[in-house]
Each structure stands twice: as C-alpha cells, then as structure tokens.
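Enquirer: What follows is a structure written as structure tokens; I'll ask about it next.
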Amino acid sequence: MSQTRPVSLPPCRALVVGAGLTGCLAALALARAGWVVVVVDPLQRDTLLSRRRAYALSQSSLALLQQLGLAAALASHLWGFDQLTLQANRGRSQARIHHSDLPPDTPPAIGWIAEHRPVMTTLLGHLDQSPAVTLKLGLLDGGPSSPGGAGGAEDHAWDLVVAADGHGSRTRQTMGVHCWGWRYDQSCITVQVTLQGGDSTRAWEVFRDEGPLAVLPMGQGRAQVVWSMSRRRAVTLTAMDPGGFSRALAAVLPKGVELMAVCSTPQAFPVGLQLAQRFQRDNVLLLGEAAHCCHPLGGQGLNLCWRDVGCLHVLACRVGKGQRSINWLLHRYGRQRWLDTVATLLVTDGLLRLFTPGRWTPVRWLLAPLQRFSLAVLDRWGPLRSLVLQAMVYGWGNHQRCSVPQSYASRLSQATPVGRR
Ligand SMILES: Cc1cc2nc3c(=O)[nH]c(=O)nc-3n(C[C@H](O)[C@H](O)[C@H](O)COP(=O)(O)OP(=O)(O)OC[C@H]3O[C@@H](n4cnc5c(N)ncnc54)[C@H](O)[C@@H]3O)c2cc1C
C-alpha cells in the first residue's frame, strides 16, 4: 500500500483544506502514496466528531477503505444491508433489489450503514499515527487567505492544494470557480430511531408526494431516517414537541415498520444540486462537496466524494513514485472525475423529478403511470436490476471492485445475515 519515492527526490507536499470525511480520507490517501500532508480545519476535533448522522457506504467506498488499510478497523462499526425496497404510489408500486443482483464475487451486502463518529474517530486516529501527516485543527481561519492556506501567496509552498472544505468552499470562491446548480424547494430531516417489524437487513427508499424517505437499518432495531419534504413543513416538524414529531414520523414509515422511539434530535438541512464548473485550477484540486453535491436520495453524496479520493489516490501513487508530474495529476483528475460526477448528479435529479414532481400537478398525472411502469420493470427484470445496482454501488466509469479478505467477508456475513428475497 505505502509507496516509496526514490530517495533522490524529496517527497511531494500537499495541503488539504478541510478535515471533513473527504478531507481526512484524502489526507490518508496522499500519505499512503508517499506524500507529506498538512490538513487544516477551523473546527476543533470534538466538533468534527459530533455530527449526528449515518451514511450508507457503497461497494466503491468499501473498496477504497480496503485499499487504504482502513476496512478492518471499521468492520465492527458497519451494518450491512442486503435488500433494498423502492416504493412509490403510496406503497402500491415497489421494486425489490437484492445483494444477489450484484456479481457473485462481491462482499455480502448492497451497502453498509456507518455512523459518523466511529468513522471520523478512525480517520483522525490514523491521521494522528501517520508521521507524514500534520493535523492543524481549530485554527481560527484555516482557509484561503490564511498563512499556509490555499489561494494565498503561500500556495507555491505546496505541490498540491486539495480543497475539501465543503459545499460553501471558500477555496473554490477564491479560485474564481463558479458553480452550476439549484436549491430544491425541499429540506431533509435526519433522525435516528428504533423500529419494530420489518427486516433488520432491509433498507427502504419510499417516494412520497412530499419527497423521498429513506430508512437505513443500523442493527439492534436502530435505523437512520432521512426524510425529505418542503422547507416549510421541515421547519414545522423540527419545532414540534417530541410526541408530535413521533406521531408524524410513524404515519409515513413503510407498512409493517413500526416506530418504537425517536433517539436523536431531528435536524433539517436544505438540499440542492451543485457542480463546480471546473475541478482544478493552478495547483488546486476541488474534492468532495467543494466540487459537487446532490440530493441525499439514494445515499450517493459521500460515496461520490470518496470516489474523488479513490481517483486522487491512484494518481498520487504514480506521482509519488516519480513516474508522473503534478501537472499530469491535476489534468488527469479533472478528466477522470467528470463522467461519474455528472452522471450521478443527473440521475439523482432525474429520479427526484420523476418520483417527486412537487406542485407541478398536471405532470404528476402523466408521471404516475411512468413511476408504476419503471418500478414494475425493475422488480421483474433481473438484468436491469443488476445494471441499476452496479451504477449505484460502483459509480459510473471504471472503478475498482472490492475484494475483501476472507476474514473480513465472514465478519460482514455475521453482521449481515443474508435474507431471502
Ligand atoms: C441530510 C443529509 C443526509 C445525508 N445522508 C447521506 C448518506 O446517507 N450517504 C451519503 O453517502 N451521504 C449522505 N449525505 C452527504 C454527506 O453528508 C456529504 O456528502 C459529506 O459529508 C461531504 O463531506 P465533505 O468532507 O466533502 O464536506 P463537509 O462534511 O462539509 O466537510 C467540510 C470541512 O471543511 C471545513 N472547512 C470549511 N471551511 C474551511 C476553510 N476555509 N478552511 C479549512 N477548512 C474549512 C469544515 O469545517 C468541514 O470540516 C447526506 C447529506 C445530508 C445534508
């Protein structure tokens, strides 16, 4: 995994701006490729760890964790799901996708639910232990104009600046890179709950008139709910007393799934689609949400960010070994990340418009038969399920498949009793 740069050449130096999940993983990927890395973030460690959220990690994310030597450390924090049910038309149309729709040699799950804290703790722990990485957390301004930050005169001290400072990226603004995109008239509420009924390894994506609702199993009856709705309703719901919120949530859960308790404070986030008009300028690369973000529908957000990191890792290894130049990396990265990013954003947006047309009522009448038809075809036609599932879990383009060692695969199987379709 670690690459050795010829002793005659000094190691490449990178500044990573932002210590979110993308920035931390990018720093580790660069360090594993033999680079010397400094990571800056204005937030303190406790704040970075405190986000109450869970992510649906896909096969592409697991493959990268495996490649960077992190999969074993995270295995006990991942809860696999091997079934995914898509539902629309108030439960009348549905498509069931199963792990067996993937090629036979894949690890035994469609995806894995991971809570923010253990993932972040593991990444920060590995960064602390890496002699090639310096973490500078809690700087009042770790951003573009600060000493050592991206965009200032000090840029030249770095071979590469990786901007992973989130969707409002100051680095991107300082570079003068504009974005395409729009805000949806929707917010998304995330909350952790305990449930009764349903299958402990089944995830749900329910397309409701007001927006999609995802139920992601986390083991022992716990689940993360990601519930989209109009911004106004999200404000009303998050202001409700716990009893009122529980009743509202219980009413929208899939049939057969019963709410036992709400375990965290519901939090609402505005959602939108955003794509930077370019991913690179001078020696600065945009990574993760600094380059793109999409609706949480389908749980693609973090996986897309980590596929950026996977691409950076492969390119940085070649530069680290002295086989290629930094310029080659910068241009190659931009070219390699377009297809996957644009396709993922367009598909996510298309699905949202197909299944949640919102207030555009005449279109809704036209779309209802299309929704029924598409789910029925998906449910009945295996090759289509396989195609859709592979795009969801590996992304678009040439991505490395996951080959987990036997010990890890058996640990995942214990966490993921493979159910029947
Ligand atoms: C409601 C919701 C639910 C979601 N659910 C899922 C899911 O189920 N699965 C999934 O894959 N994804 C999901 N996502 C998306 C996922 O959370 C994001 O894709 C991911 O957090 C992006 O990580 P990031 O590191 O790129 O950005 P961020 O997490 O925003 O991190 C950016 C970091 O940069 C730092 N920073 C900011 N400015 C500066 C500066 N000037 N200098 C230095 N540092 C700076 C910030 O402090 C922060 O630490 C969801 C998103 C939302 C809103």
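Enquirer: State the number of residues belonging to the stretch 49-62 that are surrounded by fewer than 24 Cβ atoms within 10 Å (Cβ to Cβ) and assigned to a helix (DSSP H, G or I).
Expert: Residues that pass the stated criteria total 2.
Residues checked against (1) at pLDDT below 95; (2) more than 30 Å from LEU9 (Cα to Cα):
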residue: CYS293; (1), (2): no, yes
residue: LEU304; (1), (2): no, yes
residue: LEU312; (1), (2): no, no
residue: LYS321; (1), (2): yes, no
residue: GLY350; (1), (2): yes, yes
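Enquirer: Here is a follow-up. Look through THR201, THR171, THR194 and report the one residue that is surrounded by fewer than 19 Cβ atoms within 10 Å (Cβ to Cβ), touching a residue at least 12 places away in the same chain (Cβ under 8 Å) and over 26 Å from PRO357 (Cβ atoms).
Expert: From the options THR201, THR171, THR194, the qualifying one is THR194.
Enquirer: Out of ALA234, ALA214, ALA248, report the one residue that is surrounded by fewer than 22 Cβ atoms within 10 Å (Cβ to Cβ), modelled with pLDDT of 95 or more and of a type outside the set (Ser, Thr, Tyr).
Expert: ALA248
Enquirer: Tell me the residue from GLY310, GLY299, GLY320 that is more than 17 Å from THR171 (Cα to Cα) and touching a strand residue (DSSP E or B) at 6+ places or on another chain (Cβ under 7 Å), please.
Expert: Values: GLY310 fails: touching a strand residue (DSSP E or B) at 6+ places or on another chain (Cβ under 7 Å); GLY320 fails: touching a strand residue (DSSP E or B) at 6+ places or on another chain (Cβ under 7 Å).
Result of the check over GLY310, GLY299, GLY320: GLY299.
Enquirer: Also, quick follow-up: Within the stretch 275-296, take every residue that is in contact with an Asp or Glu (Cβ under 8 Å, 6 or more places away or on another chain) and open to solvent by 10 Å² or more (accessible area, probe 1.4 Å) and give me the one that is nearest to the ligand (Cβ to nearest atom). Please lay out each step first, then the result.
Expert: First, pick out the residues of the stretch 275-296 that are in contact with an Asp or Glu (Cβ under 8 Å, 6 or more places away or on another chain): 282-284, 287-288, 290-291, 294-295.
Subset that is open to solvent by 10 Å² or more (accessible area, probe 1.4 Å): 282-283, 294.
On the way: ASP282: 17, ASN283: 17, CYS294: 8 Å.
For the stretch 275-296, the residue satisfying everything is CYS294.
Enquirer: Only one residue in GLY288, GLY298 is on the phi > 0 side of the Ramachandran plot, at pLDDT below 95 and in contact with a helix residue (DSSP H, G or I) (Cβ under 9 Å, 6 or more places away or on another chain), so which one is that? Working first, answer last.
Expert: Numbers: GLY288 fails: at pLDDT below 95.
Being on the phi > 0 side of the Ramachandran plot, at pLDDT below 95 and in contact with a helix residue (DSSP H, G or I) (Cβ under 9 Å, 6 or more places away or on another chain) holds for just one of GLY288, GLY298, which is GLY298.
Enquirer: Report the residue count in the stretch 155-168 for those that are open to solvent by 40 Å² or more (accessible area, probe 1.4 Å), at pLDDT 95 or above and more than 10 Å from the ligand (Cβ to nearest atom).
Expert: Within the stretch 155-168, residues that are open to solvent by 40 Å² or more (accessible area, probe 1.4 Å), at pLDDT 95 or above and more than 10 Å from the ligand (Cβ to nearest atom) number 1.
Enquirer: Let me ask another. When you check GLY211 against the structure, is it under 27 Å from LEU375 (Cα atoms), of a type in the set (Gly, Ala, Ser) and away from the ligand (no atom under 16 Å from the Cβ), yes or no? Outline the logic, then answer.
Expert: On the way: under 27 Å from LEU375 (Cα atoms): yes; of a type in the set (Gly, Ala, Ser): yes; away from the ligand (no atom under 16 Å from the Cβ): no.
So GLY211 fails the test.
Enquirer: Here's another thing I want to ask about it. Among the residues of the stretch 17-38, count how many are of a type outside the set (Gly, Ala, Ser), under 17 Å from GLY138 (Cα atoms) and near the ligand (Cβ under 9 Å from one of its atoms).
Expert: Count: 3.
Enquirer: May I pose another question? Can you find even one residue in the stretch 85-95 that is part of a loop (DSSP other than H, G, I, E, B) and at pLDDT below 90?
Expert: Checked the stretch 85-95: at least one residue is part of a loop (DSSP other than H, G, I, E, B) and at pLDDT below 90.
Enquirer: If a residue must be open to solvent by 50 Å² or more (accessible area, probe 1.4 Å), of a type outside the set (Val, Ile, Thr) and in contact (Cβ under 8 Å) with a residue 60 or more places away in the chain, how many such residues does the stretch 116-134 contain?
Expert: 1
Enquirer: Kindly state which strands (runs of 3 or more DSSP E) lie completely within the stretch 171-274 and contain at least 3 residues that are within 24 Å of the chain's Cα centre (by Cα). Please lay out each step first, then the result.
Expert: Values: elements: 179-196, 202-208, 211-219, 222-230, 258-262.
Ranges flagged: 179-196, 202-208, 211-219, 222-230.
Enquirer: Could you look through the stretch 177-191, keep only residues that are within 12 Å of the ligand (Cβ to nearest atom) and of a type outside the set (Phe, Trp, Tyr), and pick out the one that is nearest to SER230 (Cα to Cα)?
Expert: Filtering the stretch 177-191 down to residues within 12 Å of the ligand (Cβ to nearest atom) leaves 184, 186-191.
Within this subset, residues satisfying the condition of being of a type outside the set (Phe, Trp, Tyr) are 186-191.
Numbers: GLN186: 4, SER187: 6, CYS188: 8, ILE189: 10, THR190: 14, VAL191: 17 Å.
Ranking the qualifying residues of the stretch 177-191, first place goes to GLN186.
Enquirer: With the structure loaded, tell me whether LEU43 is assigned to a loop (DSSP other than H, G, I, E, B), modelled with pLDDT of 95 or more and either more than 11 Å from the ligand (Cβ to nearest atom) or over 19 Å from the mean Cα position of the chain (by Cα) (or both) or whether it fails that test. Even if it seems obvious, please write down each step before you answer.
Expert: Working: assigned to a loop (DSSP other than H, G, I, E, B): yes; modelled with pLDDT of 95 or more: yes; either more than 11 Å from the ligand (Cβ to nearest atom) or over 19 Å from the mean Cα position of the chain (by Cα) (or both): yes.
Taking the combined requirement at face value, the residue satisfies it.
The values are calculated or read from the model by the stated rules, or taken from the named source; none is laboratory data. Everything numeric in this text was worked out from a predicted model, so none of it was measured. All Cβ positions, even for glycine, are placed from backbone atoms using ideal geometry, and neighbour counts span all protein chains on display. Accessible surface areas use protein heavy atoms only, side chains included; no ligands, DNA or RNA. Shrake-Rupley method; radii C 1.70, N 1.55, O 1.52, S 1.80 Å.
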